[in-house]
1. Any chance you could count how many residues in the stretch B:94-106 are at negative phi and open to solvent by less than 10 Å² (accessible area, probe 1.4 Å)?
2. Check the stretch B:277-293 and report whether any residue there is at pLDDT 95 or above, open to solvent by less than 50 Å² (accessible area, probe 1.4 Å) and acidic (Asp, Glu).
3. Can you work out which of the residues in the stretch B:298-313 that are within 11 Å of chain A (Cβ to nearest Cβ) and outside any strand (DSSP E or B) is surrounded by the most Cβ atoms within 10 Å (Cβ to Cβ)?
4. Hey, can you tell me all the residues within the stretch B:135-167 that are of a type in the set (A, V, I, L, M) and either open to solvent by less than 80 Å² (accessible area, probe 1.4 Å) or within 16 Å of ligand 3 (Cβ to nearest atom) (or both)?
5. Within the stretch A:149-161, identify whether any single residue is within 16 Å of ligand 1 (Cβ to nearest atom) and in contact (Cβ under 8 Å) with a residue 12 or more places away in the chain, and answer yes or no.
6. Does B:Thr234 fit the bill of being buried (at least 21 other Cβ atoms within 10 Å of the Cβ), within 16 Å of ligand 4 (Cβ to nearest atom) and β-branched (Val, Ile, Thr)?
7. What about B:Val109, is it at pLDDT 95 or above, within 16 Å of ligand 3 (Cβ to nearest atom) and buried (at least 21 other Cβ atoms within 10 Å of the Cβ)?
8. Is it the case that B:Lys258 is more than 25 Å from B:Pro139 (Cα to Cα) and of a type in the set (D, E, K, R)?
There are 2 protein chains.
Amino acid sequence: MAITQDNIIKALSKVQDPDLKKDLVTLNMIEDISIDGNAIYFTVVLTTPACPLKELIKNDCIDAIHKYVDADLQVFPNMTSNVTSTRSTAPLLPNVRNIIAIASGKGGVGKSTVSANLAVSLAQSGAKVGLIDADIFGPSIPTMFNCEHEQPEVKEVNGKNIIIPIEQYGIKLISIGFLTPPDNAVVWRGPMASSALKQFIGDTDWGELDYLLIDLPPGTSDIHLTMVQTIPVTGALIVTTPQKVALADAQKAVGMFKQPQINVPILGLVENMAYFTPEELPDNKYFIFGEGGGYKLSEKYNIPFLGQIPLVQSIRESGDNGYPASMKEGVTADAFKDISEKLARQVAIRNANMAGTTKVEMIN
Amino acid sequence: MAITQDNIIKALSKVQDPDLKKDLVTLNMIEDISIDGNAIYFTVVLTTPACPLKELIKNDCIDAIHKYVDADLQVFPNMTSNVTSTRSTAPLLPNVRNIIAIASGKGGVGKSTVSANLAVSLAQSGAKVGLIDADIFGPSIPTMFNCEHEQPEVKEVNGKNIIIPIEQYGIKLISIGFLTPPDNAVVWRGPMASSALKQFIGDTDWGELDYLLIDLPPGTSDIHLTMVQTIPVTGALIVTTPQKVALADAQKAVGMFKQPQINVPILGLVENMAYFTPEELPDNKYFIFGEGGGYKLSEKYNIPFLGQIPLVQSIRESGDNGYPASMKEGVTADAFKDISEKLARQVAIRNANMAGTTKVEMIN
Ligand SMILES: Nc1ncnc2c1ncn2[C@@H]1O[C@H](COP(=O)(O)OP(=O)(O)OP(=O)(O)O)[C@@H](O)[C@H]1O
Ligand SMILES: Nc1ncnc2c1ncn2[C@@H]1O[C@H](COP(=O)(O)OP(=O)(O)OP(=O)(O)O)[C@@H](O)[C@H]1O
Ligand SMILES: [Mg+2]
Ligand SMILES: [Mg+2]
C-alpha cells in the first residue's frame, strides 16, 4: 500500500485500546503523523501516563503499519498521554482532571497507606498528583510524608485566603495536621470538620492536576457527605482487609457511594493486609485477617479487583518514617505500581463510558 | 488475745488493701463477723469481683488473725464484692455503677475486640456487664457477639419507648447494628448519630450494672462529645497499637479526655497487636506494627499500662465468629482476664480517690 498519511491512519484504525474497546483513531489518540522516507513518526496520546498497556499498544501500532502499509517501514510511535476528564467544565477545580476518593467504612484497614503509596506511584508514572487528607481527627498523611512540621503558606486572591499545598516527593498535600499542633486533639462536631474539608477543596491552590486523591476517614458521615456535596467525585476506591467485620463496613461504604442521590462510580477494590509472610519462612502465608474476603466482596458487587497488598513490616515502617514504600524499588513498590496502573485505567474507562458525576444536593 | 469481735476487728485493721492503701476496716470492707468456738467467719467485701488481689487479701486476713488473735484459730473469710461507684445519685442510670469508655483516636486498633473481650472477662468474674456499641457507622459488636440478626424488643414506660438490650453470653448489648439491616449504610450527619447514642444511653433498660462499657468509634468528634455531654463517664480506657500513626491518634484521644471542660479520668492503656508469633516459630516475635510504643505512651502521660495483647489469628477469628476469645480457656483469655482485673482495680482506685465525673455542658 502507498505510504501516505491516509493509509497510516487506516492501519492505526485497526488498533484497539483494549480497555476502551475502540480503535485509536476513533478515540482521537493519534497525532502528528509524519513520513520521512522509510521512517514513520506519530504520537499516541494515551489516557494516562500510568497506562499499563503502553508497550502493548505501541507494538500493536508497529505491527499494524507493517501489516497494512508496508512491512519494511521503520515505525517510531511517540507514546505520550493526556489524562482524560469529565470535569473540564466543573465550576470548582476545573483544572483537576480526576478526583478519587479512597474509602473503607472500617478504620485502620490502610486507606492512608494506600492513598500515600498510590499517589507516589501515579506521580512516578509522570502524572500530576494531589492528596487531600480528609481525616480531620486522625490525620496520617503528614507523618506518612515526613512533613509533620510543615506549615502551608497562605496567599490572598481576590480578598480570599488561599492555602498553598505542601509539596513532598512531587505530590501536593493538604492536611489538618499542617494547621494544628500534633499533640492537640481536634474535638469538633461535624460542621467544623466539614468546613475544614471545604477549605481543602475550594480554598486551596491545587493548580492543574491529573489526579486528586482524597484519603477519607472511616465511617459514612459528615466528611463523606460534605465531600460529595462540595465536589463531583470522579470515582471511589475501596480499601478493605479480608475479615468479616472489615468487609461488613466496606460494604457500607459501597452502599453509600451507590445510593441513588450520591451515585459515585466505584473504580475498584484493594485488599490490604492480605497475609503475612515471615522472612524466615518465605513459603508460609499467615492469613491473620482471613483469606480472600476482598476478592469475594468485589465479585459480589461487581467491582474491579485491583489487587492485594500483604502485611509487610516495611510498609508500616515506611509509613511511620514518612517515606512511602512505593519509593523504594522492590516487590512492594511493584504491587502498588500495578494497582496504581489499574486504577488509572479504571478512571480512563469510567471517563470514556460515563458522564461526569453530579454534585450531590442536600441529603441531610 | 481473747477471741472477741473487737479483737478480730483490730486484727483485720492491720490488713491493707494494697490498691486503696487503707486498711479493710477503715474501708468498711469487713462484715458479718461470727465466732463459733475455734472457727472464725467473716465476709470481706471487695470493690470488684474481678479483684486480682482476692487470694492475697484473703491470706492476709487469715495471717493477721493468727498473728494478732490466736495462731490456732480456723479462719474462714467469705470473699464477696460490691462494686464501688461514684454514680449512685446520678440523674441518668444511677443503677449503673461505672461507665467505662473505650477509645483510641485511630481506627482499627482493636477497640471493639478489647471491649468485647473485657466485657466477657468481667462478666466471668461475676460482674454485671453491659456494652454500648457507640460506633454508628461501623458497628462491630453484633458480629463479635454472634447476634447480628437479633432485634431488641421495645417496651413502653410512662409513654416513652424503652429498648431492651440484647443479652448474649450474660452481657447486655445495644448497637445500631440491631436496628438497621446489615448491608445498609447509615449515612447520617453527626446529630442523627448523636441521637442514636443518646437513646442507647437514656432510653435503654440497662437495669443494674457494675460496668457499662462504651465501645467508641475512631476520632474525637460528635459521638465522643455527645457521650460526655449525656452522661458522666467514670473513666476511659485507651487502646492503641504500637506504631507512630496510632500513637499520634491515641495521644489525641488522651488529650480530648484531659481537656479541662471534659475531664474524664484515664483508667489505663492497652497495647494491642503488639507482635506476631507464627506457630512454627514460637520463639520469634515479629513486631510488625513496632515495639513498645504503647508502654512509652503510657509513661509519657502517666497512665497505668494494663498490658499487651499480641496479634493472634484466633482473636480475629473469634471476632468474626462471634465468640470472643476470652470465652475459650488459654493464654489469650488469660491475657484479657488479667487486663480486665487491672481495669476493675483502676476503677476501684479511681472511685476511692476522686469525686464523680461531672457531665460536660455544651462545648460546641
Ligand atoms: N500492608 C500493610 N503492611 C503493614 N502495615 C500496614 C499495611 N497497611 C497499612 N499498614 C499499617 O497499618 C496501620 C493502619 O494503616 P492506615 O493508617 O493506612 O489505615 P487507615 O485505614 O488510613 O486508618 P484510619 O481509619 O485510622 O484512617 C498503619 O500503621 C500502617 O502503616
Ligand atoms: N490482637 C489481635 N489479634 C488479631 N486480630 C485482632 C487483634 N485485635 C483486633 N483484631 C482484629 O483486627 C480488626 C480490627 O479490630 P477492631 O474491629 O476491634 O478494631 P476497632 O478499633 O474497633 O476498629 P474501628 O476503628 O473500625 O472501630 C478486627 O478484625 C479484629 O478481629
Ligand atoms: Mg487514615
Ligand atoms: Mg470498633
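1. Going through the stretch B:94-106, the residues at negative phi turn out to be B:94-104, B:106.
Subset that is open to solvent by less than 10 Å² (accessible area, probe 1.4 Å): B:96, B:98-104.
Counting residues in the stretch B:94-106 that are at negative phi and open to solvent by less than 10 Å² (accessible area, probe 1.4 Å) gives 8.
2. No, the stretch B:277-293 contains no residue that is at pLDDT 95 or above, open to solvent by less than 50 Å² (accessible area, probe 1.4 Å) and acidic (Asp, Glu).
3. Top of the filtered list is B:Val312.
4. First, the residues of the stretch B:135-167 that are of a type in the set (A, V, I, L, M): B:136, B:141, B:144, B:154, B:157, B:162-164, B:166.
Result: B:Ile136, B:Ile141, B:Met144, B:Val157, B:Ile162, B:Ile163, B:Ile164, B:Ile166.
5. Step one: list which residues in the stretch A:149-161 are within 16 Å of ligand 1 (Cβ to nearest atom), which gives none.
Checking the stretch A:149-161: not a single residue is within 16 Å of ligand 1 (Cβ to nearest atom) and in contact (Cβ under 8 Å) with a residue 12 or more places away in the chain.
6. Values: buried (at least 21 other Cβ atoms within 10 Å of the Cβ): yes; within 16 Å of ligand 4 (Cβ to nearest atom): no; β-branched (Val, Ile, Thr): yes.
When the stated conditions are applied, B:Thr234 does not pass them.
7. On the way: at pLDDT 95 or above: yes; within 16 Å of ligand 3 (Cβ to nearest atom): yes; buried (at least 21 other Cβ atoms within 10 Å of the Cβ): yes.
So B:Val109 passes the test.
8. Numbers: more than 25 Å from B:Pro139 (Cα to Cα): yes; of a type in the set (D, E, K, R): yes.
It is true that B:Lys258 is more than 25 Å from B:Pro139 (Cα to Cα) and of a type in the set (D, E, K, R).
The values are calculated or read from the model by the stated rules, or taken from the named source; none is laboratory data. Please read these numbers as outputs of a predicted model, since none were measured by experiment. Here Cβ is always computed from backbone atoms with ideal geometry, including for glycine, and neighbour counts include all displayed protein chains. Just the protein is used for accessible areas: all its heavy atoms, side chains included, with ligands, DNA and RNA removed. Shrake-Rupley method; radii C 1.70, N 1.55, O 1.52, S 1.80 Å.
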